[in-house]
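We did not get these values from a lab; they are worked out from the coordinates using the rules stated. Note that the structure is a prediction, hence the values are computed from the model and not measured. Cβ atoms come from the backbone with ideal geometry, glycine included; neighbour counts cover every protein chain shown.
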Amino acid sequence: MLHDTQNQRDARGISIDRVGVKNLRFPLRIRDRDNAEQSTVATVSLAVDLPHQFKGTHMSRFIEVLHAHGHVLTVAGIAGMPIALMKKLNAEKAHAEFRFPYFRLKKAPVTGAEGLLDYGVVFEVNAEREKVDFIVTVEVPVTTLCPCSKAISARGAHNQRGVVTFSVRFNEPVWIEDLIELVEESASSELFSLLKRPDEKHVTEQAYDNPVFVEDLVRNVALRANQHERLTWFRVEAENFESIHNHNAYAQIEQKLSR
């Protein structure tokens with residue numbers, strides 16, 4: 001009979017908040033508003049709490065729970081995973097995080113040239129006993145043009161690419177695409193993977209006609225989030241990769257919504 005070292009008692013009296021596995025890759029299939037379904041590969045982190053009296057957890061059981069949901073995971077499977085972890089590992093808290101690229105086929109604004117653009121998406125699920133908390137995050141690249149630069153310059157204005165990280169809780173499921181579009185509509189211009197010269201002219205002029213500070217960007221997202229009936233909480237962070245400074249500009253808003 002093999003000795004179970006993990007179940008030995010630990011005399012230091014220190015509980016561990018999270019213990020588990022990280023950076024595990026696993027196939028994921030999720031609903032796609034435009035094409036019914038999309039397959040991708042997620043980077044997975046799974047964890048539980050560990051009471052002070054136990055020396056260690058059983059790492060293999062995390063993998064067992066992951067594979068028990070099938071070779072290809074769905075959103076429903078992810079939502080139920082922390083509950084399964086708590087049962088399997090006799091824990092009171094559990095955490096599951098799935099990070100993955102999400103692709104959209106976008107048409108250039110003038111020529112209609114098609115190209116795929118990738119976005120970062122995170123599903124984070126935390127459970128404590130019977131309470132489950134699900135947060136969806138999208139990482140959306142955008143273009144911003146500086147209002148101050150436009151106001152003081154005789155020719156042109158500096159612009160840059162930035163990333164908006166938009167996290168939400170909700171009372172009914174929301175499409176990833178809806179969250180992406182909410183952010184893109186709040187910027188000077190959205191991004192495209194393929195642009196011909198007429199498209200570049202259009203995007204450049206659109207950004208020039210719609211200048212936003214990083215502060216404007218998060219406020220624009222917050223205003224639209226407040227009008228979204230399915231959202232109950234959000235956090236929006238914007239970071240501009242400044243083109244004429246050696247620093248980035250940053251802003252954040254977090255708000256609980258009354259529904």
Review point. How much length is gained if the chain between Glu130 and Lys107 is pulled fully straight, taking 0.36 nm per residue apart and subtracting their Cα-Cα distance, in nm to one decimal?
Key: 3.9 nm
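Per residue, how big is the convex hull around the C-alpha atoms of the range 174-259? Give it to me in cubic angstrom, could you? Each step should come with its number before you reach the end.
Values: hull volume 9.5 nm³, N = 86.
So the per-residue hull volume is 111 Å³.
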Review point. Bin by bin, in steps of 10 Å, what percent of the Cα pairs in the range 53-172 do you find, going until the bin that has the longest distance?
Key: 11, 28, 25, 17, 11, 7, 2
Practice item. At 0.36 nm per residue, minus the direct Cα-Cα distance, what do His69 and Asn171 gain on full extension? Give it in nm, one decimal, please. Key: 34.3 nm
Check your understanding: How much length, in nm to one decimal, is gained on full extension between Val41 and Arg230, taken as 0.36 nm per residue of separation minus their Cα-Cα distance?
Key -> 65.3 nm
Exercise for review: Specify the inter-centroid distance of the range 183-259 and the range 44-99, based on alpha-carbon positions, in whole Å.
Suggested key: 35 Å
Review point. Once whole DSSP H runs in the chain are found, which of them have Cα atoms spread over 20 Å or more along the helix axis and a mean Kyte-Doolittle score of at least -1.0?
Key: 75-89
**Study point:** Rh (Kirkwood; distinct C-alpha pairs) - the range 36-118, Å
**Key:** 15.2 Å
Point to revise | Efficiency of FRET between Glu215 and Ser193 - r from beta-carbon atoms, R0 41 angstrom, step 0.05 | key: 0.90
Study note, to complete from the structure: Per the 1/(1 + (r/R0)^6) rule, R0 = 22 Å and r from the Cβ atoms of Arg33 and Glu114, FRET efficiency to 0.05 is 0.80
Check your understanding: Quick one: what Rg and Dmax do you get for the chain from the alpha carbons, in Å?
Key -> 22.1, 82
Practice item. With a point put 7 Å past each Cα toward its Cβ, work out how far Tyr208 is from Lys55 in nm, to one decimal. Key: 7.1 nm
